[in-house]
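Trainee: My questions all concern the structure below.
The values are calculated or read from the model by the stated rules, or taken from the named source; none is laboratory data. Here the structure is a predicted model, which is why all the values come from computation and not from measurement. Counting neighbours? That spans all protein chains shown, and the Cβs are built from the backbone with ideal geometry, glycine included.
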Amino acid sequence: MTINEAVQKAKKCLEGAGVPDYPTDALLLLQSFCGVSRARFYACGDEELSDAEEYLEKVRMRAARIPLQQITGEQYFCGLRFLVTKDVLCPRSETELLVEEALAHLGEGAHFLDLCTGSGCIAVSLLRLGRNLWGTAADLSEAALAVAAENTAINGVSGRLELLQGDLFDAVSGTFDMIVSNPPYIASDVIPSLMEEVRDHEPLMALDGGPDGLDFYRRILRGAKDYLKDKGCLIVEIGADQGEAVKSMFDDYGYESVWVRKDLAGLDRIVLGQKGV
């Protein structure tokens with residue numbers, strides 16, 4: 001089977017399964033598992049593809065709506081490579097805004113806490129891109145923390161990140177210059193309507209934010225001030241329709257300089273507040 005024949009077969013399989021942007025996924029799988037770049041595909045499509053069967057097996061996995069990142073086992077985030085498994089959410093580009101906002105408020109040598117760390121992409125990115133930062137990251141899932149540990153090693157920050165297993169603050173001690181979190185924020189009754197890749201293959205505990213999607217914000221805000229230094233910041237990612245509700249919670253808990261930042265699509269994405277003295 002030639003490269004071109006294999007890719008055409010892959011495209012037909014993915015299109016039939018309703019995979020969004022199936023031509024791109026077909027080429028990404030070709031590069032990941034056969035080492036055939038897009039340029040080589042276009043220039044040498046008539047060459048024999050020795051790994052055709054392995055390639056088409058991966059294509060069938062994608063046709064079953066397994067996320068591409070889980071098949072390739074990796075995702076780039078903030079320009080860094082992260083391992084991805086079924087035990088963690090796939091890092092998403094919109095979450096890079098959370099890292100950007102956190103870096104703008106973290107001074108050199110600061111110590112931050114990342115709650116619901118999952119793959120560790122937020123904490124690791126802060127450590128790699130910030131100025132001599134130190135981090136603590138917590139997650140309830142032991143499997144997720146194992147992935148986070150691998151990602152700290154891959155990105156060379158193991159010595160600067162403490163990983164803790166526990167429900168939010170349960171395993172945490174001390175105070176921090178910042179608390180950052182991308183918690184579960186999807187309302188429970190919305191989850192059945194999500195894309196199959198998310199609904200069926202990403203961890204439910206990392207998605208379900210309770211009946212209105214706001215449970216974790218309530219719990220984080222209830223405890224955060226006990227773990228923040230004076231003038232420390234709390235920064236959270238939110239769903240596109242949650243800006244007003246989460247900002248009101250920050251106001252109710254007495255945070256100062258509370259504001260909502262929108263993403264590049266003009267949707268509410270980040271809420272930030274500062275603990276007073």
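Trainee: What pairs can you find where one residue is in the stretch 149-166 and touching a residue at least 40 places away in the same chain (Cβ under 8 Å), the other is among the acidic types (Asp, Glu), and their Cβ atoms are less than 9 Å apart, with a gap of 6+ or different chains?
Mentor: 161/114; 163/139
Trainee: So the check is Cβ under 6 Å with 6+ separation or different chains; which pairs have a first residue in the stretch 80-96 that's in the same structural domain as residue 270 (by TED's automatic domain parsing) and surrounded by 16 or more Cβ atoms within 10 Å (Cβ to Cβ) and a second one that's among the small types (Gly, Ala, Ser) and modelled with pLDDT under 95?
Mentor: From residues that are in the same structural domain as residue 270 (by TED's automatic domain parsing) and surrounded by 16 or more Cβ atoms within 10 Å (Cβ to Cβ), there are no pairs.
Trainee: In the stretch 109-136, which residues are out of contact with any Gly (no Cβ under 6 Å at 6 or more places or on another chain), of a type in the set (A, V, I, L, M, F, W, C) and either under 17 Å from residue 96 (Cβ atoms) or not in a strand (DSSP E or B) (or both)?
Mentor: Residues satisfying the conditions are 110, 116, 121, 122, 124, 126, 129, 133.
Trainee: Of the residues that make up the stretch 164-177, is at least one on the phi > 0 side of the Ramachandran plot and surrounded by 15 or more Cβ atoms within 10 Å (Cβ to Cβ)?
Mentor: Checking the stretch 164-177: at least one residue is on the phi > 0 side of the Ramachandran plot and surrounded by 15 or more Cβ atoms within 10 Å (Cβ to Cβ).
Trainee: Being in a helix (DSSP H, G or I) and on the phi < 0 side of the Ramachandran plot, is that true of even one residue in the stretch 72-86?
Mentor: Taking every residue of the stretch 72-86 in turn, at least one turns out to be in a helix (DSSP H, G or I) and on the phi < 0 side of the Ramachandran plot.
Trainee: While we're on this one: Of all the helices (runs of 4 or more DSSP H) wholly in the stretch 193-270, which have at least 2 residues that are in the same structural domain as residue 139 (by TED's automatic domain parsing) and over 27 Å from residue 66 (Cα atoms)?
Mentor: Filter on the stretch 193-270 gives 215-224, 243-252.
Trainee: Among the residues of the stretch 48-64, are any modelled with pLDDT of 95 or more and assigned to a loop (DSSP other than H, G, I, E, B)?
Mentor: Yes, because at least one residue in the stretch 48-64 is modelled with pLDDT of 95 or more and assigned to a loop (DSSP other than H, G, I, E, B).
Trainee: So in the stretch 1-34, with the set limited to residues that are modelled with pLDDT of 90 or more and outside any helix (DSSP H, G or I), which one is surrounded by the most Cβ atoms within 10 Å (Cβ to Cβ)?
Mentor: 19
Trainee: While we're on this one: Among residues belonging to the stretch 140-162 that are within 17 Å of the chain's Cα centre (by Cα) and more than 18 Å from residue 172 (Cβ to Cβ), point out the one that is surrounded by the most Cβ atoms within 10 Å (Cβ to Cβ).
Mentor: 151
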